[in-house]
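Take a look at the structure set out below.
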Amino acid sequence: MTDFAPRSLLYVPGSNARALEKAAGLAADMLIIDLEDAVPADRKDAARDAMCAAVIAGYPGKRIAVRINGAGSAHQAADINALAALPLDAVVLPKVDAAADLAPARGLGLPMLAMIETPTAIYAAREIAADSAVAGLIAGLNDLAHELKLPDGTDRGAMSHAIQAIVLAARAGGVWCFDGVYNAIDDAAGFAAEAAEARRLGFDGKTLIHPSQVDPCNAAFAPTAREIAAAEALIAAATGGAQRHEGRMIEDMHVAAARALLARAGRA
């Protein structure tokens, strides 16, 4: 994996040939070819074959991951075998409730993005994030809402404790963390608001389910012109140690944060 986190991680159904082809022209930082939830049970084998062909054909300039089927699935072993010879950047494991659930995919030698989707996973998130094979955590909020027995349409504020626990675990483990998907694909304003909130909460990026969400997601997680100007001014003013700058106290920690922001802006 590269040293900077993807902002936009788009799920691409492995069983959808048109989506696999179209994904090459999208501005998503990472494509996650999905062999799990997006694929009907009777199309798993076909999706796996299509995924292999797509990855071998290549997606120049893009980071590519594959979401395999989860522990206990009859399809997981075949998914893992198919991934063994492919040039991938990561493997996404759904429903990781404990570090032990990572075991089947360890032999691939790929960085793992572990999906935190259950109450059990929330409590184990710190242990999962601390595993040396894990590069990041993904908040699986649809499944989590189901497991919590939340009424349909409930505001995700009901999961605020769990969401923040995922960010905390990722930061404690020194890995990335990515927000869950936004289901209302025709609600552009709602998506923009949730993506902005995700950045405020400390997520590195967001998982996506539709191409229309890619550009707004990249914009939400990219530093604004005002943030860039403020970071440049802070770095220019800093002389080391604690000092007053534009009405607030700054120290070396703030300078490091400003440099990191400018680095993200340059990469974007």
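The values are calculated or read from the model by the stated rules, or taken from the named source; none is laboratory data. Fair warning: this is a prediction, and the values are worked out from it, not measured in the lab. For neighbour counting, all protein chains shown are included, and Cβ atoms are generated from backbone atoms with ideal geometry for every residue, glycine included. Remember, those area values only see protein heavy atoms, side chains included, never the ligands or the DNA or RNA. Shrake-Rupley method; radii C 1.70, N 1.55, O 1.52, S 1.80 Å.
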Given (1) touching a helix residue (DSSP H, G or I) at 6+ places or on another chain (Cβ under 8 Å); (2) at pLDDT 95 or above; (3) open to solvent by 10 Å² or more (accessible area, probe 1.4 Å), where does Ala71 come up short, assuming only one miss? (2)
Kindly check whether there is at least one residue in segment 11-26 that is more than 30 Å from Glu127 (Cα to Cα), open to solvent by less than 40 Å² (accessible area, probe 1.4 Å) and in contact with a Lys or Arg (Cβ under 6 Å, 6 or more places away or on another chain). yes
Of those in segment 209-268 that are β-branched (Val, Ile, Thr) and within 20 Å of the chain's Cα centre (by Cα), the residue farthest from Glu197 (Cα to Cα) is Ile209
Residue list for segment 26-38, restricted to those being at pLDDT 95 or above and of a type outside the set (D, E, K, R): Leu26, Ala27, Ala28, Met30, Leu31, Ile32, Ile33, Leu35
Among the residues listed as Pro216, Pro223, the single one being part of a loop (DSSP other than H, G, I, E, B) and surrounded by 15 or more Cβ atoms within 10 Å (Cβ to Cβ): Pro223
For the subset of segment 137-163 comprising residues that are without any contact (Cβ under 8 Å) to a residue 40 or more places away in the chain and not in a helix (DSSP H, G or I), which member is nearest to Met112 (Cα to Cα)? Leu148
Sole residue being of a type in the set (A, V, I, L, M, F, W, C), at pLDDT 95 or above, touching a strand residue (DSSP E or B) at 6+ places or on another chain (Cβ under 7 Å) and farther than 30 Å from Ala23 by Cα, chosen from Ala169, Ala165: Ala169
Check off (1) touching a helix residue (DSSP H, G or I) at 6+ places or on another chain (Cβ under 6 Å); (2) within 23 Å of Thr120 (Cβ to Cβ) for Ser160 and give me the number that stays unchecked. (1)
